[in-house]
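Undergrad: One structure, as structure tokens, below. Some questions next.
Rule-based calculations on the coordinates, nothing more; no lab input. Here the structure is a predicted model, which is why all the values come from computation and not from measurement. Here the Cβ is made from the backbone with ideal geometry for all residues, glycine too, and neighbour counts use every protein chain on show.
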């Protein structure tokens, strides 16, 4: 199978390319970049691929559709909103790692992204691909979830789906490594500033909030809003989403434990670890989400510790999982990765 | 003034010694260590004081009281519980950085510390020295607060004291650098394990929980319990206590802002920064607690971001602040420190 | 093929196990540990393999030889020196990642390792497996090189083999991440001490010095000694060996460039990058050694920058490379790894 | 004494301001910045001084000379080369932390800095202020040494001054934290790139090379050149300069030890630690240079380990030391700093 990849210069694109290169169902990868006007070797465009001279081609939708059977977009916010139309019209398979078609409402997109939205009809047709809960099989345009959203939704799913908690009580204290902030050097990710530091950013304003709320609502209509905070941590890769919720009267620790076991017992990429709380290094290098849960009867509060590799499960890994589902390959193809330990 | 310092080998003791050496009211410092049977030069006992040959002396209460006008204990849990009696009997001034006499209840101590408690009468006589709220003037035995407790209590004080919040809703997601775990090498603080990682530890079991609840109750009798979690972060120094609470009906952002201004406008070591959320590096190297607050009207939730240097405001710095209060020195003596930036 | 692995608890053993699990020629892996007296599941012995319940068995040479076609030892110094005999007697294939049989001289071993040596005859039979230079094909007992030795020898090989340099001028300033110091927590690798720090250790006394000198001598009999220093760096994985040598009269930059190209142009795991100096992250996650070289005509000095992943090329990766050679598998089997970027 | 400070936005300026604020001989500090056209509060210009509203003024030499008794420049390369003239003409005291007037030769400056030089006569009048070796007393214009140069020159001084070594053999492998690269975010200091990495940069081209060679020549005319490499390390503050030299025939370890003791026994800011090799954390937070030395008789090579805080001894601290010398204050005023431990 021949696949296209637009946006090789960002971290998600780089990691996705590494996965696809080894994928047994992928015969070739065409790379594209918007800023190019002529072909350039990959190792000039991204020096860290220092011996790989695969040509990176200027982007055009005609070329992409002519030369590939599907395409991945690993582009920044504001790119695919302008490009989705011809693919949807042609029913050409797309997996879009950006946030542009994740929401189903034009106004919501504009409010949280501060950019023009894709057309409303495109938003309607796109499938929000939280791969562990809804398969991308038979879907044309998959909007791959955000990294924070993935960790948080997988952490909350059993509780919200089974209606065990006070839905007004959801508080998420999420922490991310700097690779989540992208490749462009900035003041907050300057080593001298980020090292030995914790920095809260975008309080109540992170653009992953609406896709979390949208999905929680699809599971339980009573959900209205969540309290969601993000802290930048001096690590390169990894997200820990620490979630606090109050349980409904009558719910106890054993019932909570049971719903997590029931929900995740058979899902290949979600490991429920009970009261053994996972640390980030357990999942870095993998497509896994590890989830530990501790119930405190004194405060009737459940604490959920959900960890992922933001560039794999939170981006490129889940994109390949959606790709496997979309084309009915083995779901775990090229994703049985071992943690990068120690 | 001649002062004694027991426990120079730990991080808090090391930092305390550095502060006291420069204190204008301190004429001399006698160092003591329990494990010694004869005098040894400091740079043998703690190689990082590599040119300082001050003798470290074997500990005895008689020697301490004979040769000093007051004494600091920077010892581990379980030490001063066995030693407090003669000092209290003699009304000899003590500032105790350990947790042994912070709680006012023998059973509570045993439950959270898993050790034998000091006698109940000693617990009653000790003063919990949260220095920004209650002066140590005229106190004999000051139990210096824990690092997590200091950041959390200063973050919560205006809201709890002014009764603005649902007291059942307090959730604290606290993060600490590794120096908080002490000097003894352990698996979780091994560089290879701690670097590039976040590790939740002691869920609902951290020994600072009871002193927080005890103090909150002293401010507002309705407080019953808090949800409190601790995460180990790959930084050396610093604590961020991220606090979430639901406000009572009718409370808005302006009222919250006002109580923080009223509470902290004139306190020298607490800086209220409004919605500018402080990062950890702003306070490392100082005795300051910086506090930012963001109210989210959608969820009626206040998020408080309270940061301190765990070894200064969270230990040795607050101990010197208590010392200054106890002996009526200028409260800010030797504590007008600049942040260690960049 | 059924293989045994003794020493799963250390970092090299952990990484080796991860590689072997995916190796297409390995049908099963038996794990052994010296300290066990009965079988125990892997995730009890090494909690970071948190779902893997493969039994770890007590060690005995009879069991190892009965149940496997070859065995890897990933044990500490001082273990295989006592165990090598029966395997050599039986001509049972061994790849030994420890330093115990790398040197060919009993006195040298004792001088640098401060332990009893394996018998002299065992030392003579063992093959020093610097896999990019001498194949392990038909060898019975392979002593897998040390991590510092691998980076340094590959960096120096072209210059020493082609006799371009003043052999008395070799200076190596080598830097390693903390995983090289092993899994046991120690004062120097305590996060609080190692973070924000550089620490020189074992000056002129590192146990990899004699295997480097032994191998250099095998290439050029004039070599007598090297100046070799090691610095502990606050990173988890990776070694940079920075090498300085004076060239012989008449040698220029072009000649140096040519010998590196000639030596490494066709070796799959050594990438010569010319004056583009490699950083450590280029190789972490791979079995590659990347080498950049800058000649300074003003000082007639060549600076060689040689980087490896200490746990792969410097341990488990090279062990698999030796395994592939030993059993005539494709040399690159299971070793075409992509760098762990970003 | 009223002092001016031009360039508060950079790290050296920030640290210098912190020192000067506490200096007992400084009554007031006027801050200036080139890019301003009107006064702005400091905490707007540098948010990390978050409560300090001292006005930062637009720069003009008339204002600086009218309102102050001396001025510090903590500006980037290429600034004071254009501004030095009026100060030299007026014999107005200047301490210049930039490299612009360190060299005594116009062509050398242009070759290493790739910028236009200050006039030759200005270069001649400026004093290279390596404060531990030549006092700034009675000097008008002090060019404060570079950070790498300070660590390297102090490490080499006894050997070169006493003529104990082969002067063609000097090799310096210097490592620096990211604060040395300044405040401007760049690809190499982006956290995601710098963390878990070592990066060699500017091989044989670092602009501190010529000031090192110039100073070594002033000590020993036979010096021609040095081999000097710089590696970026994932720490915030600190430099380790590891120096290798061959000794002359007949020199032994005891003689080397003696010259270091003789040279540094009475200097307040240089601590010679013998064969106890200093790590970086011993000096971070201080104006000290700690130096350890190990002689290897097998290779006749001396290894010198010289560590400093790049922003204190390597910039602002040495600038204050020069200031103290210039105005005949106690040399150690405001510089008796304790290491920032742990």
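Undergrad: Label-to-label distances across copies for residue B:34, with labels 7 Å out along Cα→Cβ, in nm, shortest first?
TA: Going from nearest to farthest copy, the values are 3.5, 5.9, 6.4 nm.
Undergrad: I need to check one value: relative contact order of the range D:148-310, counting alpha carbon pairs closer than 8 Å and at least 6 residues apart, in percent.
TA: It comes to 30 percent, rounded to a whole number.
Undergrad: Here is a follow-up. Please work out the C-alpha center-to-center distance from the range D:68-96 to the range D:201-271 and express it in whole Å.
TA: So the separation of the two Cα centres works out to 28 Å.
Undergrad: Peptide D:286-296: average number of partner chain Cβ atoms within 10 Å per residue?
TA: Taking the mean over all residues of the peptide, I get 2.
Undergrad: Provide the three semi-axes, in whole Å and in decreasing order, of the ellipsoid equivalent to the range C:219-342 as defined by the square roots of 5 times the Cα gyration tensor eigenvalues.
TA: Whole-Å semi-axes of the equivalent ellipsoid: 27, 18, 15.
Undergrad: Can I ask one more? Taking the convex hull of the Cα atoms, report for the range C:137-205 its projected area averaged over all directions, in nm².
TA: Average projection, Cα convex hull of the range C:137-205: 7.5 nm².
Undergrad: Residue B:187 to residue B:328: extension gain in nm, 0.36 nm per residue of separation minus the Cα-Cα distance?
TA: 46.4 nm
Undergrad: Next up: If the label for residue A:327 sits 7 angstrom from Cα along the Cα-to-Cβ line, what are its distances to the same label in every other copy, in nm to one decimal, shortest first?
TA: 3.2, 7.3, 7.6
Undergrad: Using only Cα atoms, find the angle between the long axis of helix C:253-264 and the longest principal axis of chain C, and express it within 0 to 90 degrees, rounded to the nearest 10.
TA: It works out to around 20 degrees.
Undergrad: Can you give the convex hull volume per residue for the Cα atoms of the range C:71-157, as a whole number of Å³?
TA: Considering the Cα atoms of the range C:71-157, their hull volume per residue is 91 Å³.
Undergrad: Sorted from shortest, what are the nm distances separating the label point of residue B:124 from equivalent points in the other copies, each placed 7 Å from Cα along Cα to C-beta?
TA: 7.6, 8.4, 8.6
Undergrad: Looking for one value pair here: nearest-to-axis residue in chain C (by Cβ) for the rotation onto B, and the distance in whole angstrom.
TA: C:185, 2
Undergrad: Please list log₁₀ I(q)/I(0) at q = 0.10 Å⁻¹ for the range C:148-310, using the Debye equation with identical point scatterers on the alpha-carbon positions.
TA: Summing over Cα pairs of the range C:148-310 leads to -0.36.
Undergrad: Here is a further query. Over the whole of A:49-61, what's the average partner chain Cβ count within 10 Å per residue? Rounded to a whole number, please.
TA: Across the residues of A:49-61, the mean count of other-chain Cβ atoms within 10 Å is 1.
Undergrad: If you average 1/r over all unlike Cα pairs in the protein assembly as shown and invert the result, what Kirkwood radius do you get in angstrom?
TA: The answer is 33.4 Å.
Undergrad: Relative to the longest principal axis of chain C, what angle (0 to 90°, nearest 10) does the C-alpha long axis of helix C:317-326 take?
TA: Roughly 80 degrees between the two axes.
Undergrad: Between residue B:62 and residue B:1, what FRET efficiency comes out of the Förster formula 1/(1 + (r/R0)^6) with R0 = 25 Å and r the beta carbon distance, rounded to 0.05?
TA: Efficiency, rounded to the nearest 0.05: 0.80.
Undergrad: Given R₀ = 22 Å, FRET efficiency for residue A:221-residue A:111 by Cβ-Cβ distance, to 0.05?
TA: 0.55
Undergrad: Pairing the Cα long axis of helix B:209-219 with the longest principal axis of chain B, what angle in degrees results, from 0 to 90 and rounded to the nearest 10?
TA: Value to nearest ten degrees: 70.
Undergrad: Gap in Å between the Cα centre of the range C:1-31 and the Cα centre of the range A:286-342?
TA: Taking the Cα centre of the range C:1-31 as reference, the centre of the range A:286-342 is 25 Å away.
Undergrad: Moving to a separate point now. If you take each beta carbon of peptide B:171-179 and count the beta carbons of other chains within 10 angstrom, what is the mean?
TA: 6
Undergrad: Using only Cα atoms, figure out Rg for chain B and give it as a multiple of 2.2 N^0.38 Å.
TA: 0.97
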